[in-house]
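The values are calculated or read from the model by the stated rules, or taken from the named source; none is laboratory data. Keep in mind that this is a model prediction, so the values were computed, not measured. Neighbour counts are summed over all protein chains in view; Cβ atoms, including those assigned to glycine, are modelled from backbone coordinates with ideal geometry. The accessibility values were calculated without ligands, DNA or RNA, using every heavy atom of the protein model including side chains. Shrake-Rupley method; radii C 1.70, N 1.55, O 1.52, S 1.80 Å.
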Amino acid sequence: MAERPENRVFGKRAEQHVVILASGDKIRHMTIRPWMAAVSFCFAGMFTVGYLAATSYLVLRDDLIGATMARQARMQHDYEDRISSLRAQVDRVTSRQLLDQQVVEEKVEKLMQQQLALSERHGKLNALLNRAEGSGIQATDDIPLPDAKPVTDGRRADAAGAIHAIMGLSGDATPKTAQLAYASTGESVADRSDRLFSKVTLSLKDLEHEQMGRIQSLAAGASETADAIQTILRRTGFDVAEAAPAETDAESGIGGPFVEPATFSDPFEDSINDLDSALERLDSARRTAKMLPFGNPSPGSNITSRFGNRTDPFFGRLALHAGIDFRASTGTEIRSTGAGTVTVAGRNGGYGNMVEIDHGNGLTTRYAHLSRVLVKVGDHVEAADPVGLSGTTGRSTGPHLHYEVRRGGKAIDPMRFLTAGMKLTTYMD
């Protein structure tokens, strides 16, 4: 049997390493195989790598911990900055809402003051409107009056209610905090309230202008009527200021401490004053017209003889006829042509039974040839009051009424007053 060949390297047998361990008399030896060396080398390498890794970890651990802590600190700072930004934005929104609320309160207060002013004007207007209506003056349209403050749930609206209503126009007045950081604020409550108050203010201005237009229309109508009456009176030789009756001391009593006139001018107050002055002029003109003899002493009767020179029926020659004659059968009721006081009531020469009435300002009227006198001296009569019955007493050729108008004792043509009276009918209330 052939022997197992020995391991050879380049023809030589590899010598095996032997480790001898001696302990006293005992000797042990251990042959080191190649695989054992390889295993030992691997363990040594692994130990070295582990040692180096542990050493590196221990050396680099502080840097890793510091970097981690720094990253966490940066994250914390970012969150804190974010929270601070959100808080600042919340504060800005809150401040803006408070400012908007203050602006709204000021605007509501201003509107309430305007409403109060219109209500006060309404009180002044009522008296003038009633007075204008009583004078027969009408505007083209009704004058609009301010409405009272609206009633909500049985209570009148106030500034707080108006503010809540306006704040409610935007829905939820407290937006979520998370939305503040990302959503734009958009239109504020103050902007929306500005639009609302602008509309309300324009509406109130339009109402005020419309009221002023109507007031000016009434004032113009009253002035035109007063001017027409004054024109008619001037054509008869009288002026309103001249013919107006004197006021008593009780009616004309005025006074008070002297105060400098106001330096400001309110157009609405000026319009009110103009209307009041126009109505006062109209009332004065009408009072004057009622005092003067513009009536017809015998309505429905024809005129048979006018004022001026004519042939005298008794002497047949030219003579002045100081009045006008109305054809009136005996017993026809004769009326006063204006308010005044009876100064003559009875027989008076060629006038026969006559009534004379003093109308003031040197103006008198005479009613002659009466069959019966119905008044006595000192009586106060109004226009259209009966003063007697027609007849043919005195220097008369038949039943009729002789009517005269005298000023300062001088006879003037009564037709001027009769014609003026017919024109004044359309202007008298």
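Do we have residue 48 as more than 30 Å from residue 200 (Cβ to Cβ), at pLDDT below 85 and open to solvent by less than 100 Å² (accessible area, probe 1.4 Å) here? Steps first, answer last, please.
Details: more than 30 Å from residue 200 (Cβ to Cβ): yes; at pLDDT below 85: no; open to solvent by less than 100 Å² (accessible area, probe 1.4 Å): yes.
Spelling it out, it is not the case that residue 48 is more than 30 Å from residue 200 (Cβ to Cβ), at pLDDT below 85 and open to solvent by less than 100 Å² (accessible area, probe 1.4 Å).
When residue 414 is evaluated against the numbered criteria (1) within 30 Å of residue 312 (Cβ to Cβ); (2) open to solvent by 20 Å² or more (accessible area, probe 1.4 Å), which criterion, by number, is the only one it fails?
So the condition that residue 414 fails would be (2).
Please go through the range 330-353 and give me each residue that is surrounded by 14 or more Cβ atoms within 10 Å (Cβ to Cβ) and part of a loop (DSSP other than H, G, I, E, B), ordered by number.
Of everything in the range 330-353, those that are surrounded by 14 or more Cβ atoms within 10 Å (Cβ to Cβ) and part of a loop (DSSP other than H, G, I, E, B) turn out to be 330, 332, 336, 337, 338, 339, 348, 352.
Taking the range 263-309 as the search range and keeping residues that are free of Cβ contacts under 8 Å to residues at least 24 places away in the same chain and assigned to a loop (DSSP other than H, G, I, E, B), which one is nearest to residue 323 (Cα to Cα)?
Only one residue fits best here, namely 300.
Sort out which residues of the range 81-100 are under 29 Å from the mean Cα position of the chain (by Cα), surrounded by 15 or more Cβ atoms within 10 Å (Cβ to Cβ) and more than 18 Å from residue 200 (Cβ to Cβ), and write them in order of number. Steps first, answer last, please.
Start the filter on the range 81-100 by keeping residues that are under 29 Å from the mean Cα position of the chain (by Cα), which leaves 97-100.
In the following step, the residues that additionally are surrounded by 15 or more Cβ atoms within 10 Å (Cβ to Cβ) were identified as 97, 100.
Matches in the range 81-100: 97 only.
Look at residue 65 and say whether it is part of a strand (DSSP E or B), of a type in the set (Val, Ile, Thr) and over 30 Å from residue 195 (Cβ atoms).
Values: part of a strand (DSSP E or B): no; of a type in the set (Val, Ile, Thr): yes; over 30 Å from residue 195 (Cβ atoms): yes.
So residue 65 fails the test.
Rundown of residues vs (1) buried (at least 18 other Cβ atoms within 10 Å of the Cβ); (2) closer than 28 Å to residue 407 by Cα; (3) modelled with pLDDT of 85 or more, yes/no style:
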{"residue": "245", "(1), (2), (3)": "no, yes, no"}
{"residue": "264", "(1), (2), (3)": "no, no, no"}
{"residue": "268", "(1), (2), (3)": "no, no, no"}
{"residue": "293", "(1), (2), (3)": "yes, yes, yes"}
{"residue": "307", "(1), (2), (3)": "yes, yes, yes"}
{"residue": "313", "(1), (2), (3)": "no, yes, no"}
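Could you list, in sequence order, all residues of the range 354-383 that are open to solvent by 40 Å² or more (accessible area, probe 1.4 Å) and among the aromatic types (Phe, Trp, Tyr)?
none
Scan the range 102-115 and give yes if some residue there is open to solvent by 60 Å² or more (accessible area, probe 1.4 Å), in a helix (DSSP H, G or I), over 16 Å from residue 198 (Cα atoms) and modelled with pLDDT of 75 or more, otherwise no.
For the range 102-115, residues open to solvent by 60 Å² or more (accessible area, probe 1.4 Å), in a helix (DSSP H, G or I), over 16 Å from residue 198 (Cα atoms) and modelled with pLDDT of 75 or more: present.
Report every pair of residues separated by at least 6 positions or lying on different chains whose Cβ atoms are under 9 Å apart, first residue within the range 416-429 and within 15 Å of residue 225 (Cα to Cα) and modelled with pLDDT of 85 or more, second among the hydroxyl-bearing types (Ser, Thr, Tyr) and outside any helix (DSSP H, G or I).
420/236; 421/337
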